[in-house]
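Chemist: Before we start, here is the structure in question, set down as structure tokens.
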Amino acid sequence: MKMLINVPETVVADALRGMAAAHPELAVDVENRVIVRKDAPVAGKVALVSGGGSGHEPLHGGFVGPGMLSAACPGEVFTSPVPDQMVRAAAAVDSGAGVLFIVKNYTGDVLNFDMAAELAEDEGVQVAKVLVNDDVAVTDSLYTAGRRGTGATLFVEKIAGAAAEEGMPLERVEAVARQVNENSRSFGVALSACTTPAKGSPTFDLPAGELELGIGIHGEPGRERRPMMTSGEIAEVAVEAILEDLTPRNPVLVLVNGMGATPLLELYGFNAEVQRVLGERGVPVARVLVGNYVTSLDMAGASVTLCQIDEELLRLWDAPVRTPGLRWGM
Amino acid sequence: MLDADFFIRWMTVTAASVDREAERLTALDSPIGDADHGTNLQRGFRAVRDALEKEPPATPGAVLTQAGRLLISTVGGASGPLYGTLLRRTGKALGDAAEVDERQLAEALRAGVDAVMQLGGAAPGDKTMIDALVPAVDALGDSFAAARAAAEEGAVATTPLRARKGRASYLGERSVGHQDPGATSAALLIAGLVDASADGEAGSE
């Protein structure tokens with residue numbers, strides 16, 4: 001497997017150095033692996049700290065900036081960051097108004113953020129946490145660690161980020177983040193497995209002519225394998241799976257997200273099919289975002305995330321944001 | 001009696017076996033996890049080995065608590081907090097005695113395993129490191145060799161299980177038929193007890 005890297009051991013540090021060079025508006029601490037808004041801490045503003053394994057770019061470092069995250073902690077590839085990173089990030093961005101940790105529901109992320117929250121509170125930082133768990137592909141959560149956090153992370157980070165920017169207090173920002181998560185559902189498909197730099201070969205074997213339904217974002221297999229389908233058929237499976245679990249009465253935000261190796265030509269075509277299915281099911285659509293936002297290295301495939309919104313959430317979604325990975329209105 | 005040197009040897013031989021087995025652990029982790037268990041543990045135990053070499057703690061308890069803290073700070077994922085907690089809590093249970101006997105180690109390790117079960121919410125049969133650690137602690141009263149055998153058996157016995165915790169749990173039925181990487185690495189840690197005592201008796205290093 002050919003990769004544009006030096007050695008697997010330094011991929012994360014190398015990427016951070018490159019990110020720092022491209023984005024002088026961010027303070028990138030390569031050694032300690034913390035990406036911070038340069039103007040943080042912002043007086044009186046609740047700070048948002050997120051993080052998780054690397055390999056999902058632009059999540060999360062690409063979402064640091066005005067209107068979204070205050071700081072992000074990238075872990076090793078597909079590995080949660082360590083508590084030291086999160087404590088350092090929280091200390092760097094806390095203005096005294098408190099810090100919201102946005103955590104995706106994976107055992108490693110949960111445990112490390114829990115430890116970090118305890119340590120940060122020992123240092124006098126007020127911490128709240130929100131767990132993102134939007135993936136409907138994980139069916140019987142009695143036997144799992146619960147649903148995975150995937151595409152809804154972007155909605156939570158953007159909308160809670162706008163709430164914090166408006167000066168809402170910590171408990172209100174936390175409530176907004178929870179509301180977004182509770183109203184979000186995702187479903188993903190893979191057309192190919194991904195290759196981690198450390199392993200150097202695909203994480204699972206997916207023969208040509210087959211696809212994986214219900215994948216997460218870590219190159220792990222999904223819930224079912226089927227013969228390859230058309231974009232329209234995949235859109236039906238994904239949207240139906242979501243609507244089995246969420247019956248939107250309000251308009252929805254739609255994220256059609258590429259997993260890393262699927263070109264925009266295909267993603268836009270897939271979005272056309274997603275919009276068709278939503279239209280046939282009578283689901284009103286408020287806003288649509290298409291692109292590679294929550295990726296899985298070089299995996300080919302896509303995920304669909306719907307978030308049912310009210311007027312306030314839509315206003316917060318539309319609020320200005322300026323980050324490397326998401327930018328509008330400023 | 002087991003002194004601080006024994007515990008340093010335990011961590012050092014474990015670091016060596018994790019180095020040796022890293023590729024196998026990562027290979028076990030790729031069909032049901034995310035293909036990083038070997039590299040993550042390797043990073044952590046190398047940090048432990050280097051720190052213990054540079055500044056060797058004076059008591060068995062201090063060796064393990066320091067090793068645990070380092071694992072939490074370097075490994076990431078679920079393995080960092082879980083292995084870190086295992087060693088930290090075992091170390092705390094040993095207190096500040098200069099030497100401990102095998103029975104005290106067995107009791108302390110049980111406290112460590114209990115802490116891991118509480119933190120991760122896993123029980124025996126969930127296809128996790130617990131499936132190697134619980135039988136190992138039960139057998140530790142007999143001998144280190146018995147504990148090693150029990151841990152290895154426990155790790156192999158995870159193969160037909162359906163995962164209920166960790167990344168593999170998202171696969172449901174499809175996690176069946178693969179040996180759990182966490183139980184496999186836990187068996188390496190327990191095997192390290194045998195190697196550390198053999199090294200000591202042979203007077204090597």
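The values are calculated or read from the model by the stated rules, or taken from the named source; none is laboratory data. Keep in mind that this is a model prediction, so the values were computed, not measured. Quick reminder, even Gly has a Cβ in these numbers, built from the backbone with ideal geometry, and neighbours come from all protein chains shown.
Chemist: Regarding residue A:91, is this residue modelled with pLDDT of 95 or more, out of contact with any Gly (no Cβ under 9 Å at 6 or more places or on another chain), surrounded by fewer than 20 Cβ atoms within 10 Å (Cβ to Cβ) and not charged (D, E, K, R)?
Modeler: Yes.
Chemist: Hey, does the range B:23-37 have a residue that's under 14 Å from the mean Cα position of the chain (by Cα) and within 14 Å of another protein chain (Cβ to nearest Cβ)?
Modeler: yes
Chemist: Yes or no: residue A:58 surrounded by 24 or more Cβ atoms within 10 Å (Cβ to Cβ) and within 19 Å of residue A:16 (Cα to Cα)?
Modeler: When the stated conditions are applied, residue A:58 does not pass them.
Chemist: Looking only at the range B:72-84, decide whether some residue is surrounded by fewer than 18 Cβ atoms within 10 Å (Cβ to Cβ) and within 23 Å of residue A:87 (Cβ to Cβ).
Modeler: Within the range B:72-84, the first condition is being surrounded by fewer than 18 Cβ atoms within 10 Å (Cβ to Cβ), and the residues that meet it are B:73.
Pick out the ones that are also within 23 Å of residue A:87 (Cβ to Cβ) and you get B:73.
Yes: the range B:72-84 contains one or more residues that are surrounded by fewer than 18 Cβ atoms within 10 Å (Cβ to Cβ) and within 23 Å of residue A:87 (Cβ to Cβ).
Chemist: Sticking with this one: Scan (1) under 23 Å from residue A:168 (Cα atoms); (2) at pLDDT below 95 for the single condition residue A:108 breaks and write down its number.
Modeler: Evaluating residue A:108 over (1) under 23 Å from residue A:168 (Cα atoms); (2) at pLDDT below 95 leaves (1) as the failure.
Chemist: Go through (1) outside any helix (DSSP H, G or I); (2) surrounded by fewer than 22 Cβ atoms within 10 Å (Cβ to Cβ); (3) touching a strand residue (DSSP E or B) at 6+ places or on another chain (Cβ under 7 Å) one by one and return the number of the condition residue A:282 breaks.
Modeler: (3)
Chemist: Kindly indicate whether residue A:118 is modelled with pLDDT under 95, surrounded by fewer than 20 Cβ atoms within 10 Å (Cβ to Cβ) and within 14 Å of chain B (Cβ to nearest Cβ).
Modeler: Details: modelled with pLDDT under 95: yes; surrounded by fewer than 20 Cβ atoms within 10 Å (Cβ to Cβ): yes; within 14 Å of chain B (Cβ to nearest Cβ): yes.
The answer is yes for residue A:118.
Chemist: Taking the range A:113-124, which residues are closer than 18 Å to residue A:82 by Cα and assigned to a loop (DSSP other than H, G, I, E, B)?
Modeler: The first filter runs over the range A:113-124 and keeps only residues closer than 18 Å to residue A:82 by Cα, leaving A:113-123.
Correct list: A:123 only.
Chemist: Could you grab the pairs with beta carbons closer than 7 Å, sequence gap of 6+ or different chains, first residue in the range B:11-31 and surrounded by fewer than 23 Cβ atoms within 10 Å (Cβ to Cβ), second one of a type in the set (Ser, Thr, Tyr)?
Modeler: Matching pairs, first to second residue: B:22/B:39.
Chemist: With the checklist (1) within 14 Å of chain A (Cβ to nearest Cβ); (2) touching a helix residue (DSSP H, G or I) at 6+ places or on another chain (Cβ under 7 Å); (3) among the small types (Gly, Ala, Ser) in hand, flag the one item residue B:177 doesn't pass.
Modeler: Unmet condition: (2).
Chemist: Step by step: first the residues of the range A:121-135, then only those that are surrounded by 21 or more Cβ atoms within 10 Å (Cβ to Cβ) and within 16 Å of the chain's Cα centre (by Cα), then the one that is farthest from residue A:176 (Cα to Cα). Which residue is that?
Modeler: The selected residue is A:135.
Chemist: Keeping to the range B:50-96, report how many residues are outside any helix (DSSP H, G or I) and within 20 Å of residue B:188 (Cα to Cα).
Modeler: The qualifying residues number 4.
Chemist: Here's another thing I want to ask about it. Specify the residue that is farthest from the other protein chains (Cβ to nearest Cβ); the eligible residues are those in the range B:110-133 that are more than 15 Å from residue B:84 (Cα to Cα) and surrounded by 22 or more Cβ atoms within 10 Å (Cβ to Cβ).
Modeler: B:132
Chemist: State which residue is nearest to residue A:308 (Cα to Cα) when the search covers only the range A:174-207 and only residues that are in a strand (DSSP E or B) and more than 10 Å from every other protein chain (Cβ to nearest Cβ).
Modeler: Step one: of the range A:174-207, the residues in a strand (DSSP E or B) are A:184-190, A:195, A:202.
Remaining after also requiring more than 10 Å from every other protein chain (Cβ to nearest Cβ): A:184-190.
Working: A:184: 7, A:185: 9, A:186: 12, A:187: 15, A:188: 18, A:189: 22, A:190: 25 Å.
Ranking the candidates gives A:184 first.
Chemist: Related question: Pull up the range A:224-256, narrow it to residues that are among the polar types (S, T, N, Q) and out of contact with any helix residue (DSSP H, G or I) (no Cβ under 7 Å at 6 or more places or on another chain), then point me to the one that is farthest from the other protein chains (Cβ to nearest Cβ). I'd like the intermediate steps shown before the answer.
Modeler: So in the range A:224-256, the residues among the polar types (S, T, N, Q) come out as A:230-231, A:247, A:250.
Those left that are additionally out of contact with any helix residue (DSSP H, G or I) (no Cβ under 7 Å at 6 or more places or on another chain): A:230, A:247, A:250.
On the way: A:230: 25, A:247: 24, A:250: 29 Å.
Here the answer is A:250.
Chemist: Of the residues that sit in the range A:219-245 and are in a loop (DSSP other than H, G, I, E, B) and in contact with a Gly (Cβ under 7 Å, 6 or more places away or on another chain), which one is surrounded by the most Cβ atoms within 10 Å (Cβ to Cβ)?
Modeler: A:220
Chemist: Among A:128, A:145, A:164, which is in the same structural domain as residue A:58 (by the TED database) and assigned to a helix (DSSP H, G or I)? Break it down stepwise before answering.
Modeler: Numbers: A:128 fails: assigned to a helix (DSSP H, G or I); A:145 fails: assigned to a helix (DSSP H, G or I).
Of the residues listed, the single one that is in the same structural domain as residue A:58 (by the TED database) and assigned to a helix (DSSP H, G or I) is A:164.
Chemist: Confirm whether residue A:74 is in a strand (DSSP E or B) and within 14 Å of another protein chain (Cβ to nearest Cβ).
Modeler: Numbers: in a strand (DSSP E or B): yes; within 14 Å of another protein chain (Cβ to nearest Cβ): yes.
Yes: the conditions hold for residue A:74.
Chemist: I would also like to ask the following. Out of B:46, B:89, I need the residue that is within 14 Å of chain A (Cβ to nearest Cβ), at pLDDT 95 or above, over 25 Å from residue B:114 (Cα atoms) and out of contact with any Phe, Trp or Tyr (no Cβ under 6 Å at 6 or more places or on another chain). Which one?
Modeler: B:46
Chemist: When you scan the range A:78-95, how many residues do you find that are away from chain B (no Cβ under 14 Å) and either in contact (Cβ under 8 Å) with a residue 40 or more places away in the chain or under 18 Å from the mean Cα position of the chain (by Cα) (or both)?
Modeler: 6
Chemist: How many of the residues making up the range A:95-107 are touching a strand residue (DSSP E or B) at 6+ places or on another chain (Cβ under 8 Å) and either crowded, with 24+ Cβ neighbours inside 10 Å or part of a helix (DSSP H, G or I) (or both)?
Modeler: Matching residues across the range A:95-107 total 7.
Chemist: Let me ask something additional. Checking the conditions here, which among A:38, A:104, A:129 is over 21 Å from residue A:184 (Cβ atoms) and of a type in the set (Lys, Arg)? Give the steps one after another, and end with the answer.
Modeler: Details: A:104 fails: over 21 Å from residue A:184 (Cβ atoms); A:129 fails: over 21 Å from residue A:184 (Cβ atoms).
Result of the check over A:38, A:104, A:129: A:38.
Chemist: Which condition from (1) within 14 Å of chain A (Cβ to nearest Cβ); (2) farther than 23 Å from residue A:219 by Cα; (3) surrounded by fewer than 22 Cβ atoms within 10 Å (Cβ to Cβ) is the one that residue B:153 breaks?
Modeler: The single condition residue B:153 does not satisfy is (1).
Chemist: Scan the range A:208-223 and give yes if some residue there is at positive phi and within 14 Å of chain B (Cβ to nearest Cβ), otherwise no.
Modeler: yes
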